Amino acid sequence: MSQQHSAAPAPTSAVSAVEGRPDWWRDAVIYQVYPRSFADGNGDGMGDLEGVRTRLPYLRDLGVDAVWLSPFYASPQADAGYDVADYRAVDPMFGTLLDADALIRDAHALGLRIIVDLVPNHSSDQYEWFKRALAEGPGSPSRDRYHFRPGKGKNGELPPNDWESIFGGPAWTRVTEPDGTPGEWYLHLFAPEQPDFNWEHPAVGDEFRSILRFWLDMGVDGFRIDVAHGMVKAEGLPDLGDHEQLTLLGNDVMPFFDQDGVHDIYREWRLVLDEYSGDRIFVAEAWTPTVERTANYVRPDELHQAFNFQYLATHWDAAELRTVVNRTLDAMRPVGAPATWVLSNHDVTRHATRFANPAGLGTQIRLAGDREVGLRRARAATLLMLALPGSAYVYQGEELGLPDVVDLPDEVRQDPAYFRGAGQDGFRDGCRVPIPWTRTGPSYGFGDGGSWLPQPADWGGLSVEAQTGEPGSTLELYRAALAVRRERADLGAGDAVEWLRAPEGVLAFRRGEFVCVANTTGESVPMPAYGRVLLASGEITEAAGEAKVPADTAVWWSAS
Ligand code: NOJ
């Protein structure tokens, strides 16, 4: 863990330096960097901030508007940095605060915005407050900043309630008190190394408003809020009762998720953010039961965006996709927030692999499936996503069409969910394998010192180098799509789509002069040629005003 001092460098980048439209985020394409797996600047096998900084021109050329970085703060890495020990320091494995400062400045100079991850639901068990809470014992005021409770049972040997950790096992761990006896229990919705803060305690709110200011003064353009639906727990921490917790998760409001009280926190945070210039934003990671409940997070005085996990979880199925698109747009319109669209992130199986498998296996799959079909669908899904109104998220490596690495040997796996048994997130290492930059060389250009998770032998052929300038490559498809999106205001703008008549299994919609068709079936389908083909994820043939759209293919047309 870092001993680095927590003072920010002189905040010379305090004002966000990116020029552009004030509402840039409404249709922004935001690229997720998972720092440990993006690029390794110092050759220790682990990605770092310097690695990200040197690759910023790649991201500028790809055509994204902003970069969201998963946590790089001082952390024992019990959950890959989502266990923060110092919110104002960079972990030495990722660099220093000066590296963060350089990264923010360079990004701004290239016209890219930087969004950092904020982890307010829990800290690391190595965070100063938690260490003090343990040391000062039961009844001490420092325990009130977390959820400490006596256990149930004759000798307090049972957890205080029946909640389970998202990573499996009870959501409570019993501590050994300073006098050596077994004592109170503390709540952790994730790993035991991630104790949940008690947001009823005013010091917690004060601390996080101060952390927000620290990073805003550093010049960041926004925050992705981890477990944004989790901070407030139902009064009295009531038992769930006789329910399968796993089946309720994401389908119901839980006593620990999506409680209405979280919105008071966001109203306060919004006031802080609005003191700063430069149109900075918050995006919520909130796994709510419905998009309608997600919309509550993006009311005008709260956050700006929320990830659309209902969309991420939708199968490659035209009817399902159409329903989720309509429902999302209908839910966001009344609150005036942009819809967001996302297919992959560091917590789910990459969509090239999800779509390679039969529907219904969930978002954690450890099967390769049919890779060719998966890639074809993934490419089509990208064009569909980038044609919808609102903002889109791209997870590093999806622009290379990377599949999940499903055959990682157990001895290299690091996801805490794996060690705790059958939790919700059983297998997340497969989407976290460092990405390939070059055809050959140590770790395919990721860095000179190997890679913290082994890369598959065919990774070189999928590298940035191998795909650059290669007609039809997935990387060139992304570049072309993002270039079109930048040129044409009708792509990300607005809050509606006009559906066009289409055969079963096909989605077709118009947005102004622009038409998108996505064929989700395994057969080629005839469609009217709507104008000039702007881009397609497969080969489109046209004759006599009719176009053949191959299986699992999407196409963009322009009437003008
Ligand atoms: C969501 C993050 O995306 C995930 O990686 C992490 O394990 C949990 N929140 C806990 O912080």
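Side notes on the structure shown:
- Here the spin labels are modelled as points 7 Å beyond Cα on the Cα-Cβ line, and at Arg371 and Glu546 they lie 3.7 nm apart.
- For a label point 7 Å along the Cα-to-beta-carbon line of Ala480, residues of the range 512-552 with backbone N under 12 Å: 533-540
- Using the average count of surrounding beta-carbon atoms within 10 Å as a protection proxy, the listed peptides 214-222, 101-109 rank, highest first, as 214-222, 101-109.
- Projecting the Cα positions of Leu491, Leu271, Ala286 onto the charge dipole of the chain (unit charges on Cβ atoms of Lys, Arg, Asp and Glu, taken about the Cα centre) puts Leu491 furthest along the positive direction.
- Nearest-20 debye value, the range 445-560 charge dipole, Cβ charges on Lys, Arg, Asp, Glu: 380
- Using just its DSSP H runs of length 4 or more, each adding -39500 (n - 2.57), the chain gives a mean residue ellipticity at 222 nm of -7000 deg cm²/dmol after division by all residues.
- FRET efficiency for Leu500 and Phe419, using Cβ-Cβ distance with R0 set to 60 Å, rounded to 0.05: 0.75
- Peptide packing for 85-91, 313-319, 405-411 was compared via the average number of neighbouring C-beta atoms within 10 Å per residue; ordered from the highest value, the list is 85-91, 313-319, 405-411.
- With a cut-off of 12 Å between beta carbons, the residues surrounding Gln396 carry a summed charge of +2, where Lys and Arg count +1 and Asp and Glu -1.
- Peptides 446-459, 463-476, 21-34 ordered by average Cβ neighbours within 10 Å, highest first: 21-34, 446-459, 463-476
- Shape class of the range 161-210 from the Cα gyration tensor (axes a ≥ b ≥ c, square roots of the eigenvalues): oblate, since a/c reaches 1.5 or more and a/b does not exceed b/c.
- Each Lys and Arg adds +1 at its Cβ and each Asp and Glu adds -1 at its Cβ; summed about the Cα centre, the chain shows a dipole of about 1060 debye.
- Between Glu200 and Glu320, the distance separating the two model label sites (each 7 Å from Cα on the Cα→Cβ line) works out to 4.0 nm.
- Accessible area per residue for the chain is 36 Å², calculated with a 1.4 Å probe on protein heavy atoms, without ligands, DNA or RNA.
- Percent accessible area from carbon and sulfur atoms, the chain, protein chains only, probe 1.4 Å: 51
- Each of Asp490 and Glu177 was given a label point 7 Å from its Cα along the Cα-to-Cβ line. The distance between the two points is 7.1 nm.
- Segment Asp260-Asp239, length gained on full extension (0.36 nm per residue, minus Cα span): 5.7 nm
The values are calculated or read from the model by the stated rules, or taken from the named source; none is laboratory data. All values derive from a computational prediction rather than experimental measurement. Cβ: placed from backbone, ideal geometry, glycine included. Neighbour counts: every protein chain shown. Only protein heavy atoms, including side chains, enter the accessible area calculation; ligands, DNA and RNA are left aside. Shrake-Rupley method; radii C 1.70, N 1.55, O 1.52, S 1.80 Å.
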